[in-house]
There are 2 protein chains.
Amino acid sequence: MPADKAEAVAGILVEGDLMGHTTHGLHLLGGYLREIEAGTMQLHGGPEVVADAPAALTWDGRRLPGPWLVLQALEAAAERARRMGTGTVVIRRSHHIASLASFHKRATDQGLMLILACSDPNAASVAPFGGLDPVFTPNPVSAGIPAPGLAVVVDVSTSATTNGLTNRLHAEGGKLPAAWVIDGHGKPSDDPGVLFKEPKGTILPLGGLDSGHKGYGLSLLVEALTGGLAGHGRADPKEGWGATVFLQVIDPAAFAGLAAFQRQTGEVARQCHASRPSQEGRAVRLPGEKGFKLAATQRTEGVALHAGIMESLAPWAQKLKVNPPASR
Amino acid sequence: MPADKAEAVAGILVEGDLMGHTTHGLHLLGGYLREIEAGTMQLHGGPEVVADAPAALTWDGRRLPGPWLVLQALEAAAERARRMGTGTVVIRRSHHIASLASFHKRATDQGLMLILACSDPNAASVAPFGGLDPVFTPNPVSAGIPAPGLAVVVDVSTSATTNGLTNRLHAEGGKLPAAWVIDGHGKPSDDPGVLFKEPKGTILPLGGLDSGHKGYGLSLLVEALTGGLAGHGRADPKEGWGATVFLQVIDPAAFAGLAAFQRQTGEVARQCHASRPSQEGRAVRLPGEKGFKLAATQRTEGVALHAGIMESLAPWAQKLKVNPPASR
């Protein structure tokens, strides 16, 4: 991989592990290497411009590495947001983009707000509410919000759980914390195994059995922002593991000003922290807070990788003649 | 109220009842009339421009009627979206804006996508996940998505339920369909009464007990888009019932084109409808479908108003010397 792309992908993957998102960090590297070997991840050149409006760009990502494409899109969108108020980049045919939470600090450090959402038209594990047949990927929505002190980083799938977690728990023989899946007959379950048995079960939309219509609605919104605006998705032939990306940068300076923005986000953050905990000793946190604190510690003390990650990379290290780092 | 504002407010309220959103239709009219009488809803003039960037406008709504302000904002945002790709209008100090779902058809009929979110900094009934003290209103997010045939209209609160429903069920002595609230000690409950007893309970974020961190994250996103960008909200003195509004129009023609957009949204809609129902006889629907079909029927056969609405308006009809319409 050319050095700039390698640096972008490595940086975003390690950022995932630093923040504790262990299903979306180096856990993905083996899969990415397999895709490069198979020729289904492209390495050279840049995206093609599909459309270009003053505040909106549409790219064909040509199956280039997702983290690199998203960082390019972030730069383009930030430049437009500074002139226009908002800047939006939609990317069809990106390869997988890793952890959405890993990108936000690069926007919030500049006083910009970032909204990032994606879907993968090549896969489906989430059924529409009330249905048995899957239509959606977990279609995450994430946002980076500049706030005084630590930025707020929201990163939520619009489904009850993710493919990353159900795959891992199934492999490890674990159970989900609640009935986040249904089996192939529609029966709720906390066993990720129902996704792997015939007739295949599905992941419920966010909100689960009593409020899944809400997650379903949000999944449809993400499909429209990604596949709809990109003009490429579930109506097209499958091309393999990838992502369709919606990225929007909003410049608070173009609205009521960054100081006014942070005055409000700071007050909301203060009120959240001041809310008495419903369980003694478990103080209310802001989204991203735990990840940023963990990242700061792990940057000095070393990154704790989830079990199996180094082992899964050992054959690749051997094949590519790279010395795997020793653990600290 | 001047005729243009009266027409806007009446149109949006009746649209709510037509679509079956009976807590956000004419149910609100008595409250609006009280606010006019008290001088807390303004009737004359227009919004003040706080900031103006090519793709982003910020208004002070001067506590003018919300439905009228939102329709003005929709027009301004649509005009900018056609030139820039997207157009965003943020409004501080709007009065209440009624049902978000009532606005979308006016955008989707023009082939435009609309995202609408709001919060009310004057009230708080939803606690951050893991907390006892409320910080948020139900902070809804809604979207209108042009699709072949009926538009898709998503309208979801980022809380487990709404003030409208809990107020009504409490008054009627009813229960919620699931444990969407917690009492003042953090105990989950389906009794809306816990919101009215000391120590006061709160509405859970969307996702409830096992996934409420997701709704909490989305509530924070809505606070940033509304109070943050508007530079007015929870850090300021309360002014009474109102709304801070984020409205964004996205023009698919500026991305990959409206035909390509509808090809994808049409295919996703088709797949949802084709998903076998998990409960026999209960076909999968798209968000907005039930509302649009009900509206079409009620437009010809008459609108069924929720019990108590006409009775609550009778004293106002008498006071304002208006003949209330007879039921059909």
Can you name every residue in region A:150-201 that is in a strand (DSSP E or B), more than 10 Å from every other protein chain (Cβ to nearest Cβ) and of a type in the set (Val, Ile, Thr)? A:Val181
The residue from A:Val49, A:Val14 that alone is in contact with a Gly (Cβ under 7 Å, 6 or more places away or on another chain) and open to solvent by 30 Å² or more (accessible area, probe 1.4 Å) is A:Val14
Report yes if B:Ala314 is more than 29 Å from B:Thr226 (Cβ to Cβ) and open to solvent by 60 Å² or more (accessible area, probe 1.4 Å), otherwise no. no
Filter region B:125-145 down to the residues that are among the small types (Gly, Ala, Ser), under 19 Å from the mean Cα position of the chain (by Cα) and open to solvent by 20 Å² or more (accessible area, probe 1.4 Å) and list them by number. B:Ser125
Looking only at region B:173-187, how many residues end up being touching a helix residue (DSSP H, G or I) at 6+ places or on another chain (Cβ under 6 Å) and either polar (S, T, N, Q) or closer than 15 Å to B:Phe129 by Cα (or both)? 2
Quick count over region B:86-104, residues being assigned to a loop (DSSP other than H, G, I, E, B), under 16 Å from B:Trp241 (Cβ atoms) and open to solvent by less than 10 Å² (accessible area, probe 1.4 Å), is 4
Restricting to region B:105-119, and then to whatever is under 24 Å from A:Val154 (Cβ atoms) and within 13 Å of another protein chain (Cβ to nearest Cβ), can you tell me which residue is most open to solvent (accessible area, probe 1.4 Å)? B:Ile115
Residues satisfying the stated conditions in region B:21-34, i.e. over 17 Å from B:Ala314 (Cα atoms) and buried (at least 19 other Cβ atoms within 10 Å of the Cβ): B:His21, B:Thr22, B:His24
For region B:150-175, the count of residues that are open to solvent by less than 40 Å² (accessible area, probe 1.4 Å) and closer than 25 Å to A:Arg276 by Cα equals 6
Region A:126-149, subset of a type in the set (Gly, Ala, Ser) and part of a loop (DSSP other than H, G, I, E, B), residue modelled with the lowest pLDDT: A:Gly149
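For region B:300-311: of the residues being closer than 15 Å to B:Thr22 by Cα and not hydrophobic (A, V, I, L, M, F, W, C), which is most open to solvent (accessible area, probe 1.4 Å)?
Of the residues in region B:300-311, the ones closer than 15 Å to B:Thr22 by Cα are B:302-311.
With the extra rule that they be not hydrophobic (A, V, I, L, M, F, W, C), the set shrinks to B:302, B:306, B:308, B:311.
Values: B:Gly302: 23, B:His306: 58, B:Gly308: 35, B:Glu311: 124 Å².
Step by step, filter region B:300-311, then rank; the result is B:Glu311.
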Return the residues of region B:188-200 that are in contact with a strand residue (DSSP E or B) (Cβ under 7 Å, 6 or more places away or on another chain) and open to solvent by 10 Å² or more (accessible area, probe 1.4 Å); say none if nothing qualifies. B:Pro188, B:Ser189, B:Val194, B:Leu195
Do you know which residues across region B:236-258 are farther than 15 Å from A:Thr58 by Cα and of a type outside the set (S, T, N, Q)? B:Asp236, B:Pro237, B:Lys238, B:Glu239, B:Gly240, B:Trp241, B:Gly242, B:Ala243, B:Val245, B:Phe246, B:Leu247, B:Val249
Is it true that A:Asn122 is assigned to a loop (DSSP other than H, G, I, E, B), open to solvent by 10 Å² or more (accessible area, probe 1.4 Å) and more than 10 Å from every other protein chain (Cβ to nearest Cβ)? yes
When you scan region B:218-236, do you find a residue that is charged (D, E, K, R) and in contact with a Leu (Cβ under 9 Å, 6 or more places away or on another chain), even just one? no
Has region B:25-47 got any residue that is touching an Asp or Glu at 6+ places or on another chain (Cβ under 7 Å) and closer than 18 Å to A:Ala256 by Cα? yes
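The values are calculated or read from the model by the stated rules, or taken from the named source; none is laboratory data. Keep in mind that what you see is a predicted model, and the values were worked out from it rather than measured. Glycine gets a Cβ as well: all are built from the backbone with ideal geometry, and neighbour counts include every protein chain shown. Note: areas computed on protein heavy atoms with side chains; ligands, DNA, RNA excluded. Shrake-Rupley method; radii C 1.70, N 1.55, O 1.52, S 1.80 Å.
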